[in-house]
1. Quick one: which residue in SER305, SER329, SER281 is farther than 30 Å from GLU183 by Cβ and open to solvent by less than 30 Å² (accessible area, probe 1.4 Å)?
2. Being out of contact with any strand residue (DSSP E or B) (no Cβ under 8 Å at 6 or more places or on another chain), in a helix (DSSP H, G or I) and more than 27 Å from ASN81 (Cβ to Cβ), is that true of even one residue in the stretch 262-283?
3. Can you find even one residue in the stretch 184-207 that is at pLDDT 95 or above, of a type in the set (Gly, Ala, Ser) and over 30 Å from ILE141 (Cα atoms)?
4. Looking at the stretch 243-261, which of the residues that are assigned to a loop (DSSP other than H, G, I, E, B) and in contact with a helix residue (DSSP H, G or I) (Cβ under 7 Å, 6 or more places away or on another chain) is surrounded by the most Cβ atoms within 10 Å (Cβ to Cβ)?
5. Check SER281 against each of (1) more than 16 Å from VAL124 (Cα to Cα); (2) at pLDDT 95 or above and name the one condition it does not meet.
6. Evaluate the following for SER42: is it under 24 Å from SER181 (Cα atoms), open to solvent by 40 Å² or more (accessible area, probe 1.4 Å) and hydroxyl-bearing (Ser, Thr, Tyr)?
7. Output the residue which, of all residues in the stretch 45-69 that are closer than 13 Å to SER233 by Cβ and out of contact with any Lys or Arg (no Cβ under 7 Å at 6 or more places or on another chain), is surrounded by the fewest Cβ atoms within 10 Å (Cβ to Cβ).
8. For the stretch 216-241, which positions are outside any loop (DSSP other than H, G, I, E, B), out of contact with any helix residue (DSSP H, G or I) (no Cβ under 6 Å at 6 or more places or on another chain) and crowded, with 17+ Cβ neighbours inside 10 Å?
Amino acid sequence: MSESPQVTDRLKAAGRDLGFDVIRIARAVSPPGFHPLLEWISRGYDADMEWIRRRQDAYQHPNGVLPGTRSVVVAGMNYHNASFSPSGVPQVSPTGASSTAAAPVPEPRSPASVRVARYAAGPVDYHDVLRRRLKQLAVVIREQLPNERTRGVVDTAPLLERDFARLAGIGWFGKNTMLISREIGSWFFLGALLTTASLSPDDPVEHDYCGSCTRCLDACPTNAFPEPRVLDSNRCISYLTIEHRDKSISDTLRSGMDNWIFGCDICQEVCPWNRFAPAESIPEFRPREELQTLSLADILQLTESDFQKLFAGTPLQRTGRAVIVRNASIAAGNTGGPDLVPVLTALQNDDSELVRESAAWAITRITGRNRSPSDGEAPDPRRP
């Protein structure tokens, strides 16, 4: 079947009108990252995300998601907002020099504050936003080529979106495994529209623009990168605070989590290319003011009803209250003061074992950190 350059042009124009910052097209092929994915799984770096292993064969070709796929339309949408800078990390230029040109240097946050990854700071779940816009994009194909099929994908299908984004010319893989665009950095969501239509493909990005920079690798507080472009999920703060839901977090990793309660942005915050990130996102991704003012005490005291009211419809809802409060307890142990001990003590009666255990750990950390040398051994709250 011949390619359809006119449909391709209309599709890209429609994508820009829908708010996508970049939209490009790749041929449906077996992605170059498939065999590295199998190696990554074999090394146990997928942790206990068993759905990846269970569906690994489907990643071999887009046909595993939509049979007969000929083209993959890859669209990126910025979620960066210059006003939301939760961790006080200054922006840097592509030459490595410190710079405040891209965004003001944020004030350091209070030790009693919490950190939430930028992508989750808005009032809605990005999956819903991108899916709706991909459906609108699919209309363009169906109107022009009514016999062709489409399927929109946002994260949840067995598709190596980053591979197709590189093949489509959107960016390259950074040493932190993120897809980085020379145009907009790495603060963007990826959506893919698979279609049986044969569209005109873009040229891939062949060059690695990271050069000798290792800022992202050096900044990771839990040493989650055993080598450049390889992530060990077992040690990643994003994995630990979101996907690691049924088990306690290892003591050896807790201190590196600082006060992150959902996700982590450190390896992106230090990336020089993110100086080029747009300063504003679409309204759906603008940060909620209340997330920037939440304290650890606020999170620790959330009831199930409070949790649902605060986080319903946002990415944070999917972990459930117990995981968020567990994460906040660890954050309290890392950064909190004695004023949090009564709140943590109350959590010793929580229904969740995860919460009880992490709260006890936090009390021990806080009391140990604040006792004088003459006080002797800090009491263990787990003892009767």
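The values are calculated or read from the model by the stated rules, or taken from the named source; none is laboratory data. Fair warning: this is a prediction, and the values are worked out from it, not measured in the lab. In this analysis, Cβ positions are derived from the backbone assuming ideal geometry, glycine residues included, and neighbour counts consider all displayed protein chains. Heads up: the accessible areas ignore ligands, DNA and RNA and are worked out on the full protein's heavy atoms, side chains in. Shrake-Rupley method; radii C 1.70, N 1.55, O 1.52, S 1.80 Å.
1. So the residue among SER305, SER329, SER281 that is farther than 30 Å from GLU183 by Cβ and open to solvent by less than 30 Å² (accessible area, probe 1.4 Å) is SER329.
2. no
3. Within the stretch 184-207, none of the residues are at pLDDT 95 or above, of a type in the set (Gly, Ala, Ser) and over 30 Å from ILE141 (Cα atoms).
4. Among them, the one singled out is ASN259.
5. Status for SER281: all satisfied but (1).
6. Taking the combined requirement at face value, the residue does not satisfy it.
7. This residue is GLU50.
8. LEU217, ASN234, ARG235, SER238, LEU240
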